[in-house]
Amino acid sequence: PLVQVTLYGESLCPDCTDFTANTLAPLFQPDTGMSSIFNFTYMAWGNAVRHPEGVSCQHGELECQLNRVIMCAQQLYAGQDNWFPFVACLEKHPHK
């Protein structure tokens, strides 16, 4: 069976983006074969807080928007090898 791995993170958190770029991204490189032994889920919520008027994120509104994009990517592009490269790119270049 695959190892289940879940990251609870934030799209603009410096520690989360560093972990995604420097720890997770190398595991998804085709030459490692590592992504074939685990099932990865990114819960892009982190320190978000739900209020009666909406949601606020620790690093501002852009983070809330990018968190939604990450969650949608996982729903729309089944298979971690399909959506993770997009998420890694998004976190590497969030303001472009």
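The values are calculated or read from the model by the stated rules, or taken from the named source; none is laboratory data. Everything quoted here is computed from the prediction, not taken from an experiment. A quick note on method: Cβ atoms are made from the backbone with ideal geometry, for glycine too, and the neighbour counts reach across all protein chains shown. Heads up: the accessible areas ignore ligands, DNA and RNA and are worked out on the full protein's heavy atoms, side chains in. Shrake-Rupley method; radii C 1.70, N 1.55, O 1.52, S 1.80 Å.
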Report Rg (one decimal) and Dmax (nearest whole number) for the chain, counting Cα atoms only, units Å. 13.5, 47
Which whole-number value in Å² is the accessible area per residue of the chain, probe 1.4 Å? 63
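Could you check how much of the accessible area of the chain is carbon and sulfur, as a whole percent, using a 1.4 Å probe?
Taking all protein chains in place, the chain shows 59 percent carbon and sulfur surface.
Determine the sum of side-chain charges near Met71: Lys and Arg each +1, Asp and Glu each -1, restricted to other residues whose C-beta is under 13 angstrom from that of Met71.
Net local charge, Met71 excluded: -1.
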If you put +1 on each Lys and Arg Cβ and -1 on each Asp and Glu Cβ, how big is the dipole of the chain around its Cα centre, in Debye rounded to 20? 160
Among the Cys residues of the chain, which have no other cysteine Cβ under 4.7 angstrom away? Cys72, Cys89
Listed highest first by mean packing, meaning other Cβ atoms within 10 Å per residue, what order do 60-68, 14-22 come in? 60-68, 14-22
